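The values are calculated or read from the model by the stated rules, or taken from the named source; none is laboratory data. Keep in mind that what you see is a predicted model, and the values were worked out from it rather than measured. Because the Cβ atoms are built from the backbone with ideal geometry, glycine has one as well, and the counts that use them run over all protein chains shown. Only protein heavy atoms, including side chains, enter the accessible area calculation; ligands, DNA and RNA are left aside. Shrake-Rupley method; radii C 1.70, N 1.55, O 1.52, S 1.80 Å.
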Amino acid sequence: MSKLLLDIIGNECKITILGICEVKGTIIDIDDTWIKFKYRKKGQVRLIRKCFVSSILSL
């Protein structure tokens, strides 16, 4: 796994999914297939497949 992905764990980020949907929150964990993400407003934790993520921007 790249050093850049490991550096953003625990940081506030904006994730773009399939170039359509943008969500803001905190990245909790990243592995080879999944990103565990906690929404900023709702506080819910979701798993997002890395293949669907277009971009990750640190806030």
* To do: Enter the accessible area per residue of the chain (Å², integer; probe 1.4 Å; all protein chains in place).
  => 69
* Relative contact order (percent) for the chain, with alpha-carbon contacts under 8 angstrom and 6 or more residues of separation? -> 35
* Structure fact -> Simple SL model, points at 7 angstrom along Cα→Cβ for residue 11 and residue 59; separation in nm is 1.4
* Structure fact -> Helix-only [θ] at 222 nm, the chain, -39500 (n - 2.57) per DSSP H run of 4+, per residue, nearest 500, equals -1500 deg cm²/dmol
* Asked: Given 0.36 nm per residue, what is the gain on full extension from residue 38 to residue 3 after removing their alpha carbon distance, in nm?
  -> 10.5 nm
* To do: Could you check how much of the accessible area of the chain is carbon and sulfur, as a whole percent, using a 1.4 Å probe?
  => 53
* Cleavage-rule hits, chymotrypsin sites (Phe, Trp or Tyr not before Pro), the chain, DSSP coil, Cβ neighbours within 10 Å at most 16 -> none
